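Any read-out appearing in this document is the output of simple, stated calculations on the displayed coordinates, not a laboratory observation. All of these numbers come straight from a predicted model, not from anything done at the bench. No Cβ is skipped: glycine too gets one built from the backbone with ideal geometry, and neighbour counts run over all protein chains shown.
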């Protein structure tokens with residue numbers, strides 16, 4: 001149904017319920033990975049999961065081998081969902097059933113110095129009653145890497161054409177295209193020291209001609225106001241200071257340019273410090289914290305200057321229990337009328353009980369607050385908007401065969417805003433079955 005999941009931990013619940021294969025939900029390195037996830041753009045963790053969710057369902061430990069260099073990973077999935085509040089409204093709630101069907105997969109080639117990966121997934125979402133919510137989405141990835149003597153060069157592209165109910169600011173289905181092209185130079189031969197120089201080019205084009213706001217007595221659509229380009233430059237230094245833990249320092253900078261004069265363009269710079277690795281026995285952690293400054297080029301829009309952070313820590317308790325804690329504070333580009341950004345603050349908890357090699361239980365909870373920089377007026381009330389989200393999720397997954405799994409899940413979401421017109425409560429029940437060879 002492509003309702004954007006608000007928090008990392010609930011995203012992990014559903015992404016771990018969906019893939020086939022054994023015990024993937026307890027892999028600490030997967031749950032705490034922040035590879036290619038930075039605080040430098042509006043993607044952050046939340047949208048990163050949304051952009052990559054289709055390929056989160058492809059288990060890369062599986063595949064059909066063709067010789068010793070090629071691997072194919074075809075997959076398909078069917079999902080039934082019952083949603084108590086399809087349009088995420090405060091009143092006059094509408095319930096519906098939705099069917100989702102995914103088909104696609106990946107192809108991978110590994111040679112001595114070359115690594116190539118390509119994939120595509122098509123997913124179709126059909127509603128039983130409100131057919132105007134039907135959507136047909138396309139996700140594609142391509143990755144190429146070459147191993148030089150002292151470093152690796154990696155180019156990675158993620159493309160998605162989709163229709164999404166955001167659930168954070170606006171609750172209408174907005175068709176759009178998003179493409180993230182990344183290039184990285186990563187050192188490989190230096191003992192205990194690592195450097196990663198990277199560049200990201202991000203394109204986000206809104207395809208909706210629905211009205212967003214009125215400026216100078218003219219109606220402005222999502223397509224006119226929200227389409228943008230981002231150029232981001234990244235430098236990361238790591239040092240293996242302890243046997244299983246590395247300290248890191250990162251500097252990011254970039255430009256965000258809109259295709260119009262309705263939204264302010266901006267530039268930003270931020271510095272981050274942190275660590276990653278095994279802090280103590282049976283644990284994995286990744287943490288970045290720092291300071292960001294972002295300047296907007298139009299008067300009437302506030303600049304941002306403040307602390308940002310991104311972190312996860314996972315701990316195994318015995319063989320069957322895994323707990324993951326997550327935290328995030330980031331700056332997101334806003335589509336709310338008259339706002340250029342909001343600050344996202346999130347904390348979450350995720351628990352997995354792996355009963356055996358086939359059956360696992362998943363639980364998650366999260367609190368998120370979105371804070372806006374200046375006052376607005378809604379329904380006669382003038383105030384500075386903030387939205388509080390409370391999310392809880394649980395699920396059960398069963399691996400029927402090595403190539404076939406099924407899952408059931410439930411998610412509760414509540415938004416409470418300074419302006420009660422934005423409040424809503426949603427209950428989402430899901431069943432899915434997935435196959436991968």
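Got a sec? Which of 172, 155, 193, 103 is surrounded by fewer than 16 Cβ atoms within 10 Å (Cβ to Cβ), over 30 Å from residue 66 (Cβ atoms) and within 22 Å of the chain's Cα centre (by Cα)?
Result: 172 is the single residue among 172, 155, 193, 103 that is surrounded by fewer than 16 Cβ atoms within 10 Å (Cβ to Cβ), over 30 Å from residue 66 (Cβ atoms) and within 22 Å of the chain's Cα centre (by Cα).
Report yes if residue 414 is surrounded by fewer than 15 Cβ atoms within 10 Å (Cβ to Cβ), within 29 Å of residue 343 (Cα to Cα) and under 21 Å from the mean Cα position of the chain (by Cα), otherwise no. Lay out the reasoning, then the answer.
Values: surrounded by fewer than 15 Cβ atoms within 10 Å (Cβ to Cβ): yes; within 29 Å of residue 343 (Cα to Cα): yes; under 21 Å from the mean Cα position of the chain (by Cα): yes.
Considered against the rule, which asks whether it is surrounded by fewer than 15 Cβ atoms within 10 Å (Cβ to Cβ), within 29 Å of residue 343 (Cα to Cα) and under 21 Å from the mean Cα position of the chain (by Cα), residue 414 comes out as yes.
Which one of these is within 25 Å of the chain's Cα centre (by Cα) and over 30 Å from residue 137 (Cα atoms): 212, 248?
248
I need the strands (runs of 3 or more DSSP E) fully contained in the range 317-416, keeping only those with at least 1 residues that are in contact (Cβ under 8 Å) with a residue 24 or more places away in the chain and within 24 Å of residue 78 (Cα to Cα).
Output list reads 341-354, 359-378, 381-401.
Tally up the residues in the range 125-152 that are without any contact (Cβ under 8 Å) to a residue 60 or more places away in the chain, over 21 Å from residue 202 (Cα atoms) and within 21 Å of the chain's Cα centre (by Cα), please.
Residues in the range 125-152 being without any contact (Cβ under 8 Å) to a residue 60 or more places away in the chain, over 21 Å from residue 202 (Cα atoms) and within 21 Å of the chain's Cα centre (by Cα): 1 in total.
Show me the strands (runs of 3 or more DSSP E) entirely contained within the range 181-278 in which 2 or more residues are more than 30 Å from residue 132 (Cβ to Cβ).
Here the list reads 193-206, 228-242, 245-258, 266-277.
Can you tell me how many residues in the range 284-303 are more than 21 Å from the chain's Cα centre (by Cα), surrounded by fewer than 19 Cβ atoms within 10 Å (Cβ to Cβ) and not in a loop (DSSP other than H, G, I, E, B)?
3
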